[in-house]
Structure formats: C-alpha cells, structure tokens
Amino acid sequence: MAMDITIHYAFLPHTDADAALAFYRDTLGFEVRGDVGYNGMRWLTVGPPGQPDTSIVLHPPAVEPGITEDERRTILELIAKGSYAALTLATDDLDGLFDRLQATGADVVQEPTDQPYGVRDCAFRDPTGNLLRINQRG
C-alpha cells in the first residue's frame, strides 16, 4: 500500500539568527513563517512562497537536552567547517539565482556546473556554513 507522505520540515542550525534571516528571507526570497524566541535563543521557520507545506527550521545549534559540553564543542566545530548540515534546493533559473547570490557576497563553493551524473548545479554556504546546493530544474 502506497503511503501519502511529504517532507514537511528540514532543520539547519544557525549561529546568528539575524544573518540567517537576512540570507533566507532577503537573498533567497523565502517567506518567514515563524520567529520564536526562548531563553535568549531564536528558532526561525522559512519556506518558499507558494509551498506552505515545506519549510526549513533554522535553529540554535547543540541545544538539545543531554548534549555534553564536549559534544556541543564538536558540533560547533563541524558547523564552522561547513560539514555539519546540507540542503539541496532547485530553481528554474540556476544562472540567475547564482548571479543574485554572488552579488550579495554569499560564500560561493561552486559556480554553475554540468555534473557528469546529469545535474546542473552550484553550491553556496549560508552565513552559518551550511552547504546549500542548488539544482537546475528540468
């Protein structure tokens, strides 16, 4: 029996809520769906316009109960290296989006490239260091 299942939330850490908000809202054009503060920390929920059921939750890193200080330090080191979290997005205009992101000073990892496995994509890091790959749709 087939299941009716969708991806509702993806989670990425942020180390600066204001920088994350500016990047995802102002640079990528995502809608802000939530901005919640608790104990001096902020959780931001953003998503693409016209897709209300798909969101990214930008959260403070390493705040889960039971995480030791050593584990927290390791997680923050991985985030700083850009090896902790990644997300792949898709667009109809890869080159146009790349130009827009590059013009804002976003951290370019890879310019638009035709990959040998059949995908045309580029890659950036968000202000926290999360890797964002962006595929050309179609």
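Odds and ends about this structure:
- Here is the figure for the range 74-100: residues that are under 19 Å from Ala10 (Cβ atoms) and not aromatic (Phe, Trp, Tyr) total 13.
Yes or no, residue by residue, for (1) surrounded by 13 or more Cβ atoms within 10 Å (Cβ to Cβ); (2) free of Cβ contacts under 8 Å to residues at least 24 places away in the same chain; (3) in contact with a Leu (Cβ under 8 Å, 6 or more places away or on another chain):
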{"residue": "Pro48", "(1), (2), (3)": "yes, yes, no"}
{"residue": "Pro61", "(1), (2), (3)": "yes, no, yes"}
{"residue": "Ile67", "(1), (2), (3)": "yes, yes, no"}
{"residue": "Thr74", "(1), (2), (3)": "yes, yes, no"}
{"residue": "Ala85", "(1), (2), (3)": "yes, no, yes"}
{"residue": "Thr91", "(1), (2), (3)": "yes, no, yes"}
{"residue": "Ala106", "(1), (2), (3)": "yes, no, no"}
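- In the range 14-51, the residues that are modelled with pLDDT of 95 or more and assigned to a strand (DSSP E or B): Glu31, Val32, Arg33, Gly34, Asp35, Val36, Arg42, Trp43, Leu44, Thr45, Val46, Gly47
- When Thr128 is tested against (1) buried (at least 16 other Cβ atoms within 10 Å of the Cβ); (2) in a strand (DSSP E or B); (3) among the polar types (S, T, N, Q), exactly one condition is not met: (2).
- Which listed residue is in contact with a helix residue (DSSP H, G or I) (Cβ under 8 Å, 6 or more places away or on another chain) and within 20 Å of Pro127 (Cβ to Cβ), from Ala86, Ala19, Ala62: Ala62
- Residues satisfying the stated conditions in the range 108-125, i.e. surrounded by 13 or more Cβ atoms within 10 Å (Cβ to Cβ), more than 13 Å from the chain's Cα centre (by Cα) and either under 15 Å from Ala90 (Cβ atoms) or among the aliphatic types (A, V, I, L, M) (or both): Val108, Val109, Pro112, Val119, Arg120, Asp121, Cys122
- Whichever residue in the range 90-125 is in a loop (DSSP other than H, G, I, E, B) and of a type in the set (S, T, N, Q) and, among such residues, is nearest to Thr27 (Cα to Cα): Thr104
The values are calculated or read from the model by the stated rules, or taken from the named source; none is laboratory data. Since the structure is predicted, the reported quantities are computational estimates derived from the model, not experimental observations. Quick reminder, even Gly has a Cβ in these numbers, built from the backbone with ideal geometry, and neighbours come from all protein chains shown.
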